[in-house]
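Only one structure is covered here, and it is reproduced in the block below.
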Amino acid sequence: NAGVMQNPRHLVRRRGQEARLRCSPVKGHSHVYWYRQLPEEGLKFMVYLQKENIIDESGMPKERFSAEFPKEGPSILRIQQVVRGDSAAYFCASSPTADGELFFGEGSRLTVL
Amino acid sequence: GIQVEQSPPDLILQEGANSTLRCNFSDSVNNLQWFHQNPWGQLINLFYIPSGTKQNGRLSATTVATERYSLLYISSSQTTDSGVYFCAVPRMDSSYKLIFGSGTRLLVRP
């Protein structure tokens, strides 16, 4: 069984560009989460989604960041007009239930020049 | 909110040595996860352990929920064990929000 798949693994953007990160959860998992890891820190919660619904986006910056999990296809984390402070590793996780074990993908590393 | 503290922050071992990593948390939790982040940045699930003891090969973990700590044991360490070990616990009001400790950075020398 495939685990959580994220792409791209590495992404380089210039300030002001857009970044799109994709996540396909473990097959059968309907709960998807995005976490961000700044250098030398632990992961921090950003957003929790189920199919076509944002359940909790309290950890996501109000501006420039958005997330979706459409009925078909992967979950997308979108960062508009990136700034240097957005440089981080973005991890996606999925779980079979809302309070179950979280399984993380390999992360997408965004570098903003 | 809940605080998660890990110790030691850094650890250097000679290949073959054993080690114990500790995770303390400040409030009651429903579960706890241990992760290994390898030098390439990949985050690997090690244990999902609300209480008791689990073993997987050379690794084992024990959580004593009533005393608010968990231990990760690494026996006969190998160079591939190098990386950062994180423990994480969920918030009581929203169990999908894992609170991560700051990690233990392990280097195993050949």
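If you count, for every residue in B:94-106, the Cβ atoms of partner chains within 10 Å of its Cβ, what is the mean? Walk me through the numbers on the way to the answer.
On the way: counts 7, 6, 14, 9, 9, 4, 7, 1, 3, 4, 0, 1, 0.
Mean shielding by partner chains, rounded to a whole number: 5.
Across the stretch B:1-47, how large is the tail of the calculated P(r) beyond 11 Å, expressed as a percent of all Cα pairs?
Numbers: 836 of 1081 pairs.
When every Cα pair of the stretch B:1-47 is considered, 77 percent fall beyond 11 Å.
Kirkwood hydrodynamic radius (Cα pairs, Å) of the stretch A:55-113? Write out the running numbers ahead of the final one.
Details: mean 1/r = 0.0758 Å⁻¹.
After inverting the pairwise mean of 1/r, the radius is 13.2 Å.
In nm², what is the average projected area of the convex hull enclosing the Cα atoms of chain A? Can you show the working numbers first?
Details: hull surface 26.6 nm².
Convex hull of Cα atoms, orientation-averaged projection: 6.7 nm².
Based on the Cβ-Cβ distance of B:SER94 and B:SER7, what FRET efficiency does E = 1/(1 + (r/R0)^6) give at R0 = 30 Å, to the nearest 0.05?
Values: r = 27 Å, r/R0 = 0.89.
After rounding to 0.05, the efficiency reads 0.65.
Report the FRET efficiency, 1/(1 + (r/R0)^6), for B:VAL64 and A:ASP99, where r is their Cβ-Cβ distance and R0 is 25 Å, rounded to 0.05.
Details: r = 21 Å, r/R0 = 0.84.
FRET efficiency, B:VAL64 to A:ASP99: 0.75.
Counting pairs of alpha carbon atoms under 8 Å apart in space and at least six apart in sequence, what relative contact order in percent does chain A give? It would help to have the intermediate numbers written out before the result.
Numbers: 289 pairs, mean separation 41.5, N = 113.
Here the relative contact order equals 37 percent.
Within 10 Å, count the other beta carbons around each residue, average over each peptide in B:62-72, A:68-78, and list them highest first. Each step should come with its number before you reach the end.
On the way: B:62-72: 17.1, A:68-78: 15.2.
Top of the packing list down: B:62-72, A:68-78.
With only alpha-carbon atoms counted, please give the Rg and Dmax of the protein assembly as shown, in Å.
According to the Cα coordinates of the protein assembly as shown, Rg and Dmax are 17.5, 50 Å.
Report the semi-axes of the equivalent ellipsoid for chain B in whole Å, largest first, where each axis is √(5λ) for an eigenvalue λ of the Cα gyration tensor.
Each semi-axis is the square root of five times an eigenvalue, giving 24, 14, 12 Å.
Explain nothing, just compute: Karplus ³J(HN,Hα) = 6.51 cos²θ - 1.76 cosθ + 1.60, θ = phi - 60°, for every residue of the stretch A:32-42 in order, whole Hz, x for Gly and Pro.
10, 9, 10, 10, 10, 10, 7, x, 6, 10, x
The numbers here are math on the coordinates, done by the rules we state, and not lab data. All figures in this text were calculated on a predicted structure; none of them were measured in a lab. FYI the Cβ positions are ideal-geometry reconstructions off the backbone, even for glycines, and counts take in every protein chain you see.
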